[in-house]
């Protein structure tokens, strides 16, 4: 029977804390919360926790790039 390999710290996270997402975008925590409130970055709730899917950061960055290229 195969035993699952435990996740290491090198494993990319699928969901990030708001603070980690802000760091990934090189913006402040306050600005990240403002973007979430505006609906510019999607989040998910897990119980009382708010998490930012890594894909939401990619989508946000792509939208910024496309808007500035237009």
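Overview of results
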item: Where a residue in segment 31-49 is over 17 Å from residue 63 (Cα atoms) and its partner, wherever it lies, is modelled with pLDDT of 95 or more, with Cβ under 6 Å and at least six apart; result: 44/51
item: Matching residues in segment 6-30 - criterion: being in contact with a helix residue (DSSP H, G or I) (Cβ under 7 Å, 6 or more places away or on another chain) and in a helix (DSSP H, G or I); result: 18, 19, 21, 22, 24, 25, 29
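The values are calculated or read from the model by the stated rules, or taken from the named source; none is laboratory data. Fair warning: this is a prediction, and the values are worked out from it, not measured in the lab. All Cβ positions, even for glycine, are placed from backbone atoms using ideal geometry, and neighbour counts span all protein chains on display.
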